[in-house]
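Taking it in order: structure first as structure tokens, then the write-up.
The values are calculated or read from the model by the stated rules, or taken from the named source; none is laboratory data. Here the structure is a predicted model, which means the values were calculated and not measured. For neighbour counting, all protein chains shown are included, and Cβ atoms are generated from backbone atoms with ideal geometry for every residue, glycine included. Please note that ligands, DNA and RNA were not included when accessible areas were found on the heavy atoms of the full protein model with its side chains. Shrake-Rupley method; radii C 1.70, N 1.55, O 1.52, S 1.80 Å.
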Amino acid sequence: MAYEKEEQEATDSSDKKILETCQKELKLCVEEEAEERAKMLDDLKFGTLDQWPSTIRTERENDVENGPRPCLTIDKINQYRTQIVNDMRQGKPGILVRPQDDKADPETAKILKGLIRNIEDQSSADISYMTAGGNAVDIGLGYFRITNEYVSEESFDQELFVRPIPNTFSVYLSKHIMPDGSDAKRGYIAESMPVESFKKMYPKAKYAETYFSDLDTTVASYWRTTETITVVEEYVLDRIEEEIYFLSDGTTIEKSDYDKWPATAGPKPSVEDKRRAFREQLRWHKMTGCEVLDKR
């Protein structure tokens with residue numbers, strides 16, 4: 001019982017740290033992107049022909065002296081948008097696998113290409129690609145995602161799927177230099193859902209407003225309103241230091257694997273060189289503002 005209590009306390013401490021870090025980092029992302037997202041929202045409104053400033057529209061529609069005046073909008077944008085999107089549909093994007101050097105096997109590349117094509121077909125990946133592409137045309141940015149999902153409720157087998165992210169504004173990336181965000185170390189996907197829907201999807205989760213009362217007032221309304229709860233998926237890339245060995249047989253191996261060299265594999269090759277290296281490990285968390293729902 002004591003061991004179980006200590007294990008639970010360690011888990012609670014870990015979850016608390018995850019929540020605090022997520023709230024802090026996500027708040028930074030929201031604040032840093034606020035100005036740019038306001039421009040993106042203006043672009044989206046402009047493309048849907050909401051092109052009149054609200055103050056001028058109100059003034060014209062409520063002109064007491066001269067009577068209401070029309071706010072005409074002539075669409076000079078969507079014909080070009082349609083042209084670009086149709087070009088995307090005709091030249092369907094897809095993932096290609098190409099052997100790059102003399103050590104690569106063309107046959108293996110063909111097999112991998114076939115597996116990826118099967119994933120795309122099962123996922124109807126064209127929808128994901130076109131959704132992201134259409135959003136990029138409208139507001140300059142679009143996303144889709146790769147997920148691993150169980151084959152069925154009775155199975156432990158998983159398959160990969162390409163899934164769309166219709167709402168670009170639900171995604172945040174931490175600071176990055178590359179335009180595609182490939183160097184970002186943190187990513188977030190936020191979804192606000194009605195409280196009743198949340199209770200059905202997560203029946204054992206905390207949902208009462210009192211659980212969110214300890215949140216910083218500057219972020220509390222983001223995580224919980226009277227009608228909605230925000231669920232956030234967090235992706236974190238950790239940089240892990242390790243030592244690697246270059247062996248006499250020409251292979252490279254991590255020190256931890258070299259130390260666990262199995263006796264059945266024969267004598268260890270000698271170490272010709274060694275150096276410090278880094279690798280990245282991905283952590284994934286799903287949470288509300290007061291509780292970690294899942295993590296891997």
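Scanning the stretch 197-241 for residues being closer than 19 Å to residue 20 by Cβ and aromatic (Phe, Trp, Tyr) gives a total of 5.
Look at the stretch 93-110: where a residue is farther than 27 Å from residue 143 by Cβ and a partner is assigned to a helix (DSSP H, G or I) and of a type in the set (Gly, Ala, Ser), sitting 6+ places away or on another chain with Cβ atoms under 7 Å, you get 99/109.
Within the span defined as the stretch 275-292, every residue fails to be free of Cβ contacts under 8 Å to residues at least 40 places away in the same chain, open to solvent by 40 Å² or more (accessible area, probe 1.4 Å) and in a loop (DSSP other than H, G, I, E, B). Scan the stretch 245-270 for residues that are more than 30 Å from residue 18 (Cα to Cα), in a strand (DSSP E or B) and either of a type in the set (A, V, I, L, M) or open to solvent by less than 60 Å² (accessible area, probe 1.4 Å) (or both) and the total you get is 3.
Scanning the stretch 184-196 for residues that are closer than 25 Å to residue 132 by Cβ and open to solvent by 40 Å² or more (accessible area, probe 1.4 Å) yields a count of 4. Which residues, taken from the stretch 215-266, are touching a Gly at 6+ places or on another chain (Cβ under 9 Å) and of a type in the set (Lys, Arg)? 224 - this is the single residue of the stretch 215-266 that is touching a Gly at 6+ places or on another chain (Cβ under 9 Å) and of a type in the set (Lys, Arg).
Are any of the residues in the stretch 193-205 within 11 Å of the chain's Cα centre (by Cα) and within 23 Å of residue 44 (Cβ to Cβ)? There is no residue in the stretch 193-205 that is within 11 Å of the chain's Cα centre (by Cα) and within 23 Å of residue 44 (Cβ to Cβ). State all residues of the stretch 203-213 that are surrounded by fewer than 16 Cβ atoms within 10 Å (Cβ to Cβ) and outside any helix (DSSP H, G or I); if no residue qualifies, say none. Once the filter is applied, which keeps residues that are surrounded by fewer than 16 Cβ atoms within 10 Å (Cβ to Cβ) and outside any helix (DSSP H, G or I), the stretch 203-213 yields 203, 204, 206, 208, 213. Taking the criterion of being in a loop (DSSP other than H, G, I, E, B) and surrounded by fewer than 17 Cβ atoms within 10 Å (Cβ to Cβ), the residues of the stretch 214-235 that qualify are 214, 216, 225, 226, 227. Selection of first residues in the stretch 260-273 that are under 11 Å from residue 247 (Cβ atoms) and of second residues that are of a type in the set (Asp, Glu), restricted to Cβ pairs under 6 Å at least 6 apart or on distinct chains, gives the following pairs, ordered by first then second residue: 269/249. The set of residues from the stretch 22-60 being open to solvent by 90 Å² or more (accessible area, probe 1.4 Å) and over 37 Å from the mean Cα position of the chain (by Cα) comprises just one member, 59.
Hey, can you tell me all the residues within the stretch 140-183 that are among the hydrophobic types (A, V, I, L, M, F, W, C) and either surrounded by fewer than 10 Cβ atoms within 10 Å (Cβ to Cβ) or in contact (Cβ under 8 Å) with a residue 24 or more places away in the chain (or both)?
At the first step, the residues of the stretch 140-183 found to be among the hydrophobic types (A, V, I, L, M, F, W, C) are 141, 144, 146, 151, 156, 160-162, 165, 169, 171, 173, 177-178.
Passing the criteria: 141, 156, 160, 161, 162, 165, 169, 171, 173, 177, 178.
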